[in-house]
Amino acid sequence: MPKYRIAWLPGDGVGTEVLQATRIVLDRLAVDAEYPHGDIGWDFWCLEGNPFPQRSVELLKNVDAALFGAITSKPVEEAERELAPQLQGQDLVYRSPIIRLRQLFDLYICLRPCKAFVKTQRIYTQVSSLAQCQRGYPEFWKRYLPHLPRSKGSRVIS
């Protein structure tokens, strides 16, 4: 039995490609994990009227971690037009799965550490770590940024 259960939420668009590449790396690293698939994204909105089905919420309640690719979001009127015909006119309103994830699981930051390796081509030669926070959460940065490890040059982009 694998040590970890990591929910696999590819989403749509580039999200599926990103997680395909991620899986290659995880397999190469021999991470002792299973990756149960979760449904999320535009296709589920169009076919089911819910871009973040309850089955995926339940999956996330029963895993150690999750990997989330990317999703498509569109304005409410456009979202209504793209629903399957049998779902149109049922007062369904598109709600961003990302917002629902944050609300349901008390998440409010997107922290993306990264490392620039010496022998790789990169645009920014001075970057050795990066943290990104969604707009509207300056209190996080005021409280926690002084405690995060620093690279030679650090910058907060909000």
> If only one of ASP39, ASP27, ASP64 is farther than 26 Å from ASP106 by Cβ and not basic (Lys, Arg), which one is it?
Replying inline: ASP27
>> So, in the range 35-77, exactly how many residues are touching a residue at least 60 places away in the same chain (Cβ under 8 Å) and of a type in the set (Ser, Thr, Tyr)?
In response: 1
>> Consider the range 42-83. How many of its residues are under 12 Å from TYR94 (Cβ atoms), under 13 Å from the mean Cα position of the chain (by Cα) and modelled with pLDDT of 95 or more?
In response: 1
> So which of ARG23, ARG28 is in the same structural domain as PHE52 (by TED's automatic domain parsing), surrounded by fewer than 12 Cβ atoms within 10 Å (Cβ to Cβ) and more than 14 Å from the chain's Cα centre (by Cα)?
Replying inline: ARG28
> Is the range 78-99 home to any residue that is within 18 Å of GLY13 (Cα to Cα) and either without any contact (Cβ under 8 Å) to a residue 24 or more places away in the chain or not assigned by TED's automatic domain parsing to the domain that holds PRO10 (or both)?
Replying inline: yes
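The values are calculated or read from the model by the stated rules, or taken from the named source; none is laboratory data. From a predicted model like this one, the values you see are computed outputs, not experimental measurements. Positions of Cβ are backbone-derived with ideal geometry, glycine not excepted, and every protein chain shown enters the neighbour counts.
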